[in-house]
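The values are calculated or read from the model by the stated rules, or taken from the named source; none is laboratory data. Keep in mind that what you see is a predicted model, and the values were worked out from it rather than measured. All Cβ positions, even for glycine, are placed from backbone atoms using ideal geometry, and neighbour counts span all protein chains on display.
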Amino acid sequence: MADRDPAWRVLPKPSHPHDSAPLHVTGAARYADDGPEPADMLHLAFGQSAHAHARILSMDLSAVRAAEGVVQVFTAADIPGANDVSPVAGDDRLLADGEVICVGQAIFLVAATSQRAARKAARLAKIDYEPLPACLTIEAAQAANSLIEPTQRMARGDADAALANAPHSLTGSFDMGGQDHFYLEGQVALATPGEDGQIHLLCSTQHPSEVQHLVAHMLHRNSADVTVEVRRMGGAFGGKETQAALFAAAAALVADKTGRPAKFRCDRDDDMVMTGKRHAFRVGYDVGFDAQGHVLALRLRLASRCGATVDLSPAINDRAMFHADNCYWLPDVEIVSERLKTNTVSDTAFRGFGGPQGMLAIERIMDDVAAHLGHDPLAVRCINLYGPGRDVAPYGMTIADNIAPQLIARLRTDARYDARSAAIAAFNAASPIIKKGIALTPVKFGISFTTTHLNQAGALVLVYADGSIQINHGGTEMGQGLYIKVAQVVADVFAVPIDRVRITATRTDKVPNTSATAASSGADLNGMAAYNAAMTIRDRLTAFLARTFGCADTDVHFTPEGVIAGTERLTFAQLCRKAHIGRISLAATGFYATPGIAYDRAAHQGRPFYYFAYGAAVSEVAIDTLTGEHKVLAVDILHDVGRWLNRQIDIGQIEGGFIQGQGWLTTEELIFDDQGRLLTHSPATYKIPTASDRPAHMTISLWDGENVEPTINRSKAVGEPPFMLAISVFSALTRAVAAVAPDVRALPRLDAPATPERILRAVSEHRAR
Amino acid sequence: MSVHFLLDGDLVEIANVDPTATLLDHLRYTMRRTGTKEGCAEGDCGACTVLVGDLEGDTIQWRAVNACILFLPMLDGRALLTVESLAPDGALNPLQACMAANGSSQCGFCTPGFVMSLYGRCVGASGHDLPVADVLAGNLCRCTGYGPILAAGDATGPLERDDSATVAVLKALRDKPAASGHHGDRRWFAPRSSAALADLLADYRDARMVAGATDVGLWVTKGLRSIDTLIFLGDIAELQAIDESPAGVRLGAGVRYADAHAAFARLHPDLGELTRRIGGLQVRNAGTVGGNIANGSPIGDGPPAFIALGAELTLRSRDGRRTMTLEDYFLDYGKQDRRPWEFVESLWIPRPGPDAIIHIAKLSRRFDSDISAVCGAIHLTVDEGMISAARIAFGGMAATPRRAPLCEAALVGQPFTLATMEQAAAALRADYAPLSDVRGSAAYRLDAAANLLLRLWHREQGQAVSVLSLDAVHG
């Protein structure tokens, strides 16, 4: 289909700034909480569980009901349909029904005349609990064999035998923490009741269709009775893929029950307590290798804390397994993945979706092999890269688009890795307190939802008789620039300036049954669907012109100077007017499903990904060996986005993803107490990077190449892959710690995030070895 | 009670003000100026940054502050700019135009706050004469990685503002009585002199004093508490004086940290650097030196440094004044040597002598806008290689900011050598029995605090001891 069309072929794309940028900088961009509020609107708050695991013996809500401003209080018994806000497994309750399974779980719902009144009242409940045994940590869940699903195994060859035969072997383990999304706009939903049982929801969600379906189910209605609208989110990062449903369902319940509009605008602390996070992992490994550092065998154990319910944990942990090879050929390998059920908030999607955890595991193993042999870690990485004859992933997919070797080589030169490594060694020799480290780590990230059926998208293009165009698709805008990318695709089909294209809010009444905007797939899927919709209209216009002017279809050309039909030339607006009078439909839907992918989950074999996005980063860091403080001094990135749809937007994704990854591995620490309460539930205690944490030297270059697969404009997805470039920071920090005892041939023990406390401990432990 | 302020040059009168209603809620849900965002409602993210202008002589001194923890009556008699003020006709100013063009916004939710912080820098707002990254330390962005925002800040020069009409109206407002009043049972007082404050405290013994509201604001937004009687200190000019002399610095208790920054840096560069790292700029533009002491935090960040420098505190009441060393003020956790009707009037910090060797350090998970795990100050006097005096104080190591007598004893009379510092570091471990909490374990606190003594010694030998002052090898 696409190859017939010149507009589809790779075009140099203008880098228009984000379509909402002028609205962002003037404060005029409207988020879900920013519209006018109806006078009778209700504000909501949840009463939350104080226990990690308990049976609710009795609830006395009389003080809540009597509190100033309270209009109504709801419990699970008030839910007309399914008490379920889960994406897949049916195990996330809107309101707890008899039992609570984590601290902060919603138990009852207060509707009041102000947000403050609702929140104050929600604290007045008297609830008698019978505490039940609670699993709070990975170790406790392992001991209790508490799992959300059976342990998964992905394997090739005979790892045990290869380990036994390897000249060298190492056993290691380390922990990595989770991460709070810390989207700046908290969870929010506004439900407005319509006639005849209909509900409209303005909601900050990456997954409008799922919210629609869950709300319909919860209210015992049809999906056609519920409309979900999202113009933009104030950040999401995966945290509004499944987690928005709880708040939307609460608002919908109250709107339906009271007949009044209801808004749930979640307080930041409540948001951090109640919503899921990136999964914390414990990694264990046995690796066999030769004297050069070739990995011959790997037995890898990935154990993750999934929280109290299933959520998306199966797919997230699958992706950790898929990325445990990163760019490396692992001949005999066994990857075992334990998905542990704990009485903590259910962990969920977060940029990278398990990929970062799997990738950090293998990168640390590379560092361990290098430290053991006394080799430069980059040398060990390079000899283990996929290459001809050694190009099949542990899940059986051939790595057909491998550019990692060339990309790493170029970055190694451009960032002067070798000269700087030598200079850093000299610096460290002369500096007793401050030690530096440098590391180059690569990224290979698989693009597609690994749940194959999710790889589909729809779009609706409306061309008006004045030549203006409205575009709507299933993708949501969370800041990543999806809307401007798709608008550019449509503008290019008609060869009109982008300001002719009006970007509209994502709505379930325009495009149905959409997938979440996730897995970096937004532009790939929706861009192609919008392209198909626009092409349908263009084909009609082409035929109309050929008929009207008596020329061949091939004599019709859409150009920036106007539409040419044989010897005639008219503006796009003139054409649209003419076509309307000629009774030609100017509206069309488009659809796209990613071809060629299939995956057998039972065997963990197949082709889960359409293609891979690549990148690499060099990070230089310094640590203070007396306090454990560190600073990222310099970062150089070379990243692969294929033929970009929007260069500025893509570079923004790369930089933002990197810094977010840096935060995950350094300053962002989630701490739960021994009762399962999250202690770091506000920006006072949970520390995402600030402006000064961005390295003073930071360069971002784009790899010059195109996608081997016929994606839209031969581009590649960019949302998630750059996040994992920040693994270079962690690797560099490890090397800086190692510099306190340069003769020790062992990798310093270091868990993530590398807080000052962990770095100081690592320094003293490494010195003592 | 009612409140008057100037918004975009227009006088706004709000009647029936609840004294603890926040500016942010009023902007968003009453005035429907929704460009100012709520990110955290506790002054940590900067999405609600606005500029508040005080009349100073014939000019307006603008300050970036967090609207989420600013009580509406605190705005009385002042001027306000929100993000909507900057492009009233839709035409972007040069800063906004640069940010819109260069990718400074992705999701855009934090963007208005960044615009306001940077705009403050463009119009010479107080405390904004810092590098862009420091000006932005109180603004969190989760999308961009900050690069384009920093670039926009660096690329945009001073912007003209004509505040003359605003000056005239504010002068007229100044002649009105202060905005004292009540809302139901809740009272708000805004005295204009220390004497009036002393009288109020004598009359209302349950009153809560509030200056920048960087602490009390959270009682309302997060604690959901009601406070019956509030006395606002921000209109008392006497409390805002900074008197620098060769002997030292005397600061009124109402001096904002941002305004004290330069004087502190002149006392010692480490004290300047510590001040830079107290909160974000919006917090330093609101939070006061006196409030930081009076609220009795076990951490500080100011008090440990002030104690090590030998500071004295003056309390005042209707009965008169009392002066004490700062360490004597802190009695126990949450307990200070202040009677309910007394207030902190001023702080005296002697200027360190030429023989002083000082190291002040704040250790936290993140450099900017974080609360310390350990905040320490070491102040040695060294005569011909011998330590003749030592004042060591730490926050985060005990229930209050406290001196380290055993460590001091291990130093005084000893030669200034690594061996002495190692002995002192060992002694320090007996001075404190810190707790483990989210900011650090007891073991980390002890290890890192002890190591600061070694760090000082290595610094004096000319070694690099701070990762913040390093350049990359990359050239």
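Can you name the residue in segment A:589-645 that is polar (S, T, N, Q) and farther than 21 Å from B:ARG366 by Cβ and, of all such residues, is nearest to the other protein chains (Cβ to nearest Cβ)?
Residue satisfying both the conditions and the ranking: A:THR594.
Can you pull out every residue in segment B:447-465 that is facing chain A (nearest Cβ under 7 Å), assigned to a loop (DSSP other than H, G, I, E, B) and either of a type in the set (Asp, Glu) or surrounded by fewer than 22 Cβ atoms within 10 Å (Cβ to Cβ) (or both)?
B:GLN463, B:ALA464 - these are the residues of segment B:447-465 that are facing chain A (nearest Cβ under 7 Å), assigned to a loop (DSSP other than H, G, I, E, B) and either of a type in the set (Asp, Glu) or surrounded by fewer than 22 Cβ atoms within 10 Å (Cβ to Cβ) (or both).
Conditions: (1) out of contact with any strand residue (DSSP E or B) (no Cβ under 8 Å at 6 or more places or on another chain); (2) over 30 Å from A:ARG647 (Cβ atoms); (3) assigned to a loop (DSSP other than H, G, I, E, B). A:LEU94 meets all but one. Number of the miss?
(1) is the only condition that A:LEU94 fails.
If we keep just the residues of segment B:8-55 that are more than 11 Å from chain A (Cβ to nearest Cβ) and among the acidic types (Asp, Glu), which is farthest from B:ALA125 (Cα to Cα)?
Going through the qualifying residues, I end up with B:GLU13.
Out of (1) buried (at least 24 other Cβ atoms within 10 Å of the Cβ); (2) touching a Lys or Arg at 6+ places or on another chain (Cβ under 9 Å), what's the single condition that is false for A:GLY562?
It is condition (1) that A:GLY562 fails.
Identify the residue in segment B:200-220 that is of a type in the set (Asp, Glu) and surrounded by fewer than 16 Cβ atoms within 10 Å (Cβ to Cβ) and, among all such residues, is nearest to the chain's Cα centre (by Cα).
In this case the residue turns out to be B:ASP206.
Would you please name the residue that is farthest from B:ASP332 (Cα to Cα), looking only at residues in segment B:366-397 that are more than 10 Å from chain A (Cβ to nearest Cβ) and outside any strand (DSSP E or B)?
B:GLU384
Confirm whether A:ALA423 is within 13 Å of chain B (Cβ to nearest Cβ), among the hydrophobic types (A, V, I, L, M, F, W, C) and outside any strand (DSSP E or B).
On the way: within 13 Å of chain B (Cβ to nearest Cβ): yes; among the hydrophobic types (A, V, I, L, M, F, W, C): yes; outside any strand (DSSP E or B): yes.
When the stated conditions are applied, A:ALA423 passes them.
Can you tell me which condition B:ALA424 does not meet? The list is (1) more than 19 Å from B:LEU274 (Cβ to Cβ); (2) within 11 Å of chain A (Cβ to nearest Cβ); (3) aliphatic (A, V, I, L, M), and all the others hold.
So B:ALA424 meets the others, but not (2).
Out of A:VAL110, A:VAL100, A:VAL85, which single residue is surrounded by 23 or more Cβ atoms within 10 Å (Cβ to Cβ), at pLDDT 95 or above, among the aliphatic types (A, V, I, L, M) and over 31 Å from the mean Cα position of the chain (by Cα)?
Among A:VAL110, A:VAL100, A:VAL85, only A:VAL110 is surrounded by 23 or more Cβ atoms within 10 Å (Cβ to Cβ), at pLDDT 95 or above, among the aliphatic types (A, V, I, L, M) and over 31 Å from the mean Cα position of the chain (by Cα).
If only one of B:ALA179, B:ALA165 is crowded, with 23+ Cβ neighbours inside 10 Å and in contact (Cβ under 8 Å) with a residue 12 or more places away in the chain, which one is it?
Values: B:ALA165 fails: crowded, with 23+ Cβ neighbours inside 10 Å.
Residue meeting the stated conditions: B:ALA179.
Out of curiosity, is B:TYR444 more than 26 Å from B:PHE264 (Cα to Cα), of a type in the set (Phe, Trp, Tyr) and within 13 Å of another protein chain (Cβ to nearest Cβ)? Don't jump to the end; show me each part of the working.
On the way: more than 26 Å from B:PHE264 (Cα to Cα): yes; of a type in the set (Phe, Trp, Tyr): yes; within 13 Å of another protein chain (Cβ to nearest Cβ): yes.
It is true that B:TYR444 is more than 26 Å from B:PHE264 (Cα to Cα), of a type in the set (Phe, Trp, Tyr) and within 13 Å of another protein chain (Cβ to nearest Cβ).
Filtering segment A:109-154 down to residues that are within 14 Å of chain B (Cβ to nearest Cβ) and part of a strand (DSSP E or B), which residue is nearest to A:THR344 (Cα to Cα)?
Of everything passing the filter in segment A:109-154, A:VAL110 is nearest to A:THR344 (Cα to Cα).
Which of the following residues is part of a loop (DSSP other than H, G, I, E, B), of a type in the set (S, T, N, Q) and either facing another protein chain (nearest Cβ under 9 Å) or crowded, with 24+ Cβ neighbours inside 10 Å (or both): B:SER105, B:SER126? Can you show your working first?
Numbers: B:SER126 fails: either facing another protein chain (nearest Cβ under 9 Å) or crowded, with 24+ Cβ neighbours inside 10 Å (or both).
Exactly one of B:SER105, B:SER126 is part of a loop (DSSP other than H, G, I, E, B), of a type in the set (S, T, N, Q) and either facing another protein chain (nearest Cβ under 9 Å) or crowded, with 24+ Cβ neighbours inside 10 Å (or both), namely B:SER105.
Could you look through segment A:364-396, keep only residues that are among the acidic types (Asp, Glu) and over 18 Å from A:SER173 (Cβ atoms), and pick out the one that is surrounded by the most Cβ atoms within 10 Å (Cβ to Cβ)? Walk me through how you get there before you give the answer.
Filtering segment A:364-396 down to residues among the acidic types (Asp, Glu) leaves A:367-368, A:376, A:391.
Checking which are over 18 Å from A:SER173 (Cβ atoms) leaves us with A:376, A:391.
Details: A:ASP376: 18, A:ASP391: 14.
Per the criteria, the residue is A:ASP376.
List the helices (runs of 4 or more DSSP H) inside segment B:253-360, counting only whole elements, that have at least 1 residues being under 13 Å from the mean Cα position of the chain (by Cα) and closer than 30 Å to B:ARG78 by Cα.
The qualifying helices (runs of 4 or more DSSP H) are B:257-267, B:269-276, B:281-284, B:289-294, B:302-308.
What residue, of B:ASP54, B:ASP44, is surrounded by 23 or more Cβ atoms within 10 Å (Cβ to Cβ) and within 18 Å of the chain's Cα centre (by Cα)? Spell out how you get there, then give the answer.
Working: B:ASP54 fails: surrounded by 23 or more Cβ atoms within 10 Å (Cβ to Cβ).
The conditions single out B:ASP44.
Please find, within segment B:83-101, the residue that is nearest to B:ARG174 (Cα to Cα) out of those that are surrounded by fewer than 23 Cβ atoms within 10 Å (Cβ to Cβ) and touching a residue at least 12 places away in the same chain (Cβ under 8 Å).
B:SER85
Yes/no per residue for (1) of a type in the set (A, V, I, L, M, F, W, C); (2) within 14 Å of chain B (Cβ to nearest Cβ); (3) within 28 Å of the chain's Cα centre (by Cα):
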{"position": "A:PRO377", "(1), (2), (3)": "no, no, no"}
{"position": "A:GLY389", "(1), (2), (3)": "no, no, no"}
{"position": "A:TYR395", "(1), (2), (3)": "no, no, yes"}
{"position": "A:ALA400", "(1), (2), (3)": "yes, no, yes"}
{"position": "A:LEU411", "(1), (2), (3)": "yes, yes, yes"}
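Out of (1) within 14 Å of another protein chain (Cβ to nearest Cβ); (2) assigned to a helix (DSSP H, G or I), the odd one out for B:LEU201 is which?
Against the list (1) within 14 Å of another protein chain (Cβ to nearest Cβ); (2) assigned to a helix (DSSP H, G or I), B:LEU201 comes up short only on (1).
With the structure loaded, tell me whether A:GLN480 is over 21 Å from A:LYS578 (Cα atoms), in contact (Cβ under 8 Å) with a residue 60 or more places away in the chain and surrounded by fewer than 24 Cβ atoms within 10 Å (Cβ to Cβ) or whether it fails that test.
no
Just checking, how many residues over segment B:129-169 are within 9 Å of chain A (Cβ to nearest Cβ) and hydrophobic (A, V, I, L, M, F, W, C)?
10
Tell me which of these A:ALA54 doesn't satisfy, since it passes every other one: (1) under 30 Å from B:ASN102 (Cβ atoms); (2) over 25 Å from the mean Cα position of the chain (by Cα).
(1)
Could you identify the single residue in A:THR450, A:THR441 that is crowded, with 24+ Cβ neighbours inside 10 Å, in a loop (DSSP other than H, G, I, E, B) and more than 14 Å from chain B (Cβ to nearest Cβ)?
Unique residue meeting the criteria: A:THR450.
Filter segment A:160-184 down to residues that are in contact with a strand residue (DSSP E or B) (Cβ under 6 Å, 6 or more places away or on another chain) and assigned to a loop (DSSP other than H, G, I, E, B) and give me whichever is surrounded by the most Cβ atoms within 10 Å (Cβ to Cβ). Outline the logic, then answer.
Quick first cut of segment A:160-184, residues in contact with a strand residue (DSSP E or B) (Cβ under 6 Å, 6 or more places away or on another chain) only: A:162-163, A:166, A:168-179.
From what's left, assigned to a loop (DSSP other than H, G, I, E, B): A:166, A:177-178.
Working: A:ALA166: 20, A:GLY177: 20, A:GLY178: 24.
Only one residue fits best here, namely A:GLY178.
Looking at segment B:162-206, which of its residues are within 23 Å of B:GLU345 (Cα to Cα) and among the polar types (S, T, N, Q)?
Selection gives B:SER180, B:SER193, B:SER194.
For residues that are under 16 Å from A:ALA634 (Cβ atoms) and in contact with a helix residue (DSSP H, G or I) (Cβ under 6 Å, 6 or more places away or on another chain), scanning just segment A:699-726, find the one that is nearest to the other protein chains (Cβ to nearest Cβ).
Per the stated criteria, the residue is A:ILE700.
Being assigned to a loop (DSSP other than H, G, I, E, B) and at pLDDT 95 or above is true for just one of A:GLY615, A:GLY628. Which residue is that?
When all the criteria are applied, what remains is A:GLY628.
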